[in-house]
Every structure is written in structure tokens, then in C-alpha cells.
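Here the structure is laid out as C-alpha cells; the discussion comes afterwards.
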Amino acid sequence: MRIAIFAGMLKPIPPVGYGAEYATWDLAEGLAALGHEVILGAPHGSRTPTRGRLVTLGAPSPATGQSDSWSKVETAAANA
């Protein structure tokens, strides 16, 4: 199964040290270990999950307040 996971926009996944972002990383790694393809949408500096791919997400545009994050993940999933 192909599964997309969005992470928070403040810290890379997995975080250095500790943080709630580890739950996102553990989920991605656990699903990958079960044989799923994981698409992780996370900020710059994040690592690619095992058996998955990373889509680097950007912050919302100051001009529009919108982010192209969802379309990047949709494109990655469609092209898998």
C-alpha cells in the first residue's frame, strides 16, 4: 500500500535529540517495515524513510498563505 504522511514544518524528521517528530518517523519506519511504500512530506533536512521517498515541503507563501505541499505529495504518489 502507498501511504503519505505529513510531518510538522518546523523540525527535520527524525529530529536531532528528541521531540514529537519521532512519532512521525517511527510511524513511517514501522509502516515501511511492514512492506508499505511511505511518502513522507517533511521540511528540508529530513531523511528518507526506508522503502519510501521524501517530498521536501515548504512553508506557506507569505503572499498567498498557501503551500504547494499537498500537490507535491499527490504528484509523488501518482508517479510512484
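What the table below lists for this structure:
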| quantity | calculated |
| --- | --- |
| Sulfur and carbon atoms: percent of accessible area, segment 5-46 [1.4 Å] | 65 |
| Segment H36-I3, extension gain: residue separation times 0.36 nm, minus the distance between their alpha carbons | 11.2 nm |
| Neighbourhood charge, 11 Å Cβ-Cβ cut-off, centred on P49 and excluding it, Lys, Arg +1 and Asp, Glu -1 | 0 |
| Accessible area expressed per residue, segment 9-61, with surrounding protein chains retained (probe 1.4 Å, Å²) | 56 |
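The values are calculated or read from the model by the stated rules, or taken from the named source; none is laboratory data. Just so it is clear, the model here is predicted, and its values are computed rather than measured. So basically every Cβ, Gly included, is an ideal-geometry build from the backbone, and we count neighbours across all protein chains shown. Ligands, DNA and RNA are excluded from the accessible area calculation, which covers all protein heavy atoms including side chains. Shrake-Rupley method; radii C 1.70, N 1.55, O 1.52, S 1.80 Å.
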